[in-house]
1. Does residue 56 satisfy the criteria of being without any contact (Cβ under 8 Å) to a residue 60 or more places away in the chain, assigned to a loop (DSSP other than H, G, I, E, B) and either under 25 Å from residue 16 (Cβ atoms) or assigned by TED's automatic domain parsing to the domain that holds residue 18 (or both)?
2. Has segment 118-125 got at least one residue that is over 22 Å from residue 71 (Cα atoms), surrounded by fewer than 16 Cβ atoms within 10 Å (Cβ to Cβ) and modelled with pLDDT under 95?
3. Quick test for you: out of 160, 113, pick the one residue that is aromatic (Phe, Trp, Tyr), surrounded by fewer than 21 Cβ atoms within 10 Å (Cβ to Cβ) and over 26 Å from residue 212 (Cβ atoms).
4. Conditions first: (1) exposed (fewer than 15 other Cβ atoms within 10 Å of the Cβ); (2) free of Cβ contacts under 8 Å to residues at least 60 places away in the same chain. Residue 211 passes all but one, so which condition is the exception?
5. Among 101, 65, 80, which is the only one that is under 20 Å from the mean Cα position of the chain (by Cα), in contact (Cβ under 8 Å) with a residue 24 or more places away in the chain, under 23 Å from residue 120 (Cα atoms) and surrounded by fewer than 17 Cβ atoms within 10 Å (Cβ to Cβ)?
6. Can you list residue pairs whose Cβ atoms sit under 6 Å apart, with the first residue in segment 167-193 being within 19 Å of residue 203 (Cα to Cα) and the second being assigned to a helix (DSSP H, G or I) and among the polar types (S, T, N, Q)? Count only pairs 6 or more apart in sequence or on different chains.
7. Among residues belonging to segment 112-140 that are of a type in the set (A, V, I, L, M, F, W, C) and touching an Asp or Glu at 6+ places or on another chain (Cβ under 7 Å), point out the one that is farthest from residue 77 (Cα to Cα).
8. Within segment 32-53, which residues are surrounded by fewer than 20 Cβ atoms within 10 Å (Cβ to Cβ) and assigned to a helix (DSSP H, G or I)?
Amino acid sequence: MTFEDAVAAWGRGEREQAIAAWQQLAGQGDARSQHNLGVLLDEGREVARDPVLAARYYRQAAEQGFAQAALNLAILMEQGDGLPRDSNQASRWYWVAAEQGNAQAQFKLGLKFDTGDGLPADSDQAVKWYFLAASQGYPEACNNLGRCFALGEGVERSDFEAFKWFNIAAELGVANAARYRERVARELTPQERLRAGKLSDEWLVKLRLRSE
């Protein structure tokens, strides 16, 4: 049975057959099957939850460059779930996933540089990774970019840019983003607020068009 056959079997409700096929394929080095088994074991779906074994499967797939497996492995490492907590190693695997364009990993890597947890604090690098994640519409990255512009961390301080990014984050559903937007709005003229709002609206339209 191929990986695709196993996916089809899972969709038909033939869970045991699908899992058996993924186990066989995983043993043959198939990264997609290794990742899928990791997810099932991580979430306890159709099998008893086993974060230790989940981490093992994630690592096997991550070592082959499978971005989502690298992200999931990093999350387990950061939480100390199934293996010892290790912020440095978590950062390594976030980096693997981020380099392949995974938005959540890019945000997490930006946060690592922002806080100095597992990586040396570096506001320039934090902004770089936040921007890459924000460019894909990752809400929290947009919000953190707003903070960076409001405080001048890693970028030239700009209430205009802060307003724009906080407005984008608020539209994407980030709690408190609207409150932060209104704080920086006090430093802008009505014309500046209108222009920043228009730019954020245009950015959101482009994001939605890319997502279609």
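The values are calculated or read from the model by the stated rules, or taken from the named source; none is laboratory data. Source: prediction; values computed, not measured. Glycine also receives a Cβ, built like all others from the backbone with ideal geometry; neighbour counts cover every protein chain displayed.
1. So residue 56 does not fit the description; no.
2. no
3. Numbers: 113 fails: surrounded by fewer than 21 Cβ atoms within 10 Å (Cβ to Cβ).
Answer to the selection: 160.
4. The one condition residue 211 does not meet is (2).
5. Values: 65 fails: under 23 Å from residue 120 (Cα atoms); 80 fails: in contact (Cβ under 8 Å) with a residue 24 or more places away in the chain.
None of the others qualify; the one that does is 101.
6. Short answer, once both residue conditions are applied: 167/200; 168/200; 169/143; 174/143; 177/143; 181/167.
7. Residue satisfying both the conditions and the ranking: 126.
8. Of everything in segment 32-53, those that are surrounded by fewer than 20 Cβ atoms within 10 Å (Cβ to Cβ) and assigned to a helix (DSSP H, G or I) turn out to be 32, 39, 43, 51, 52, 53.
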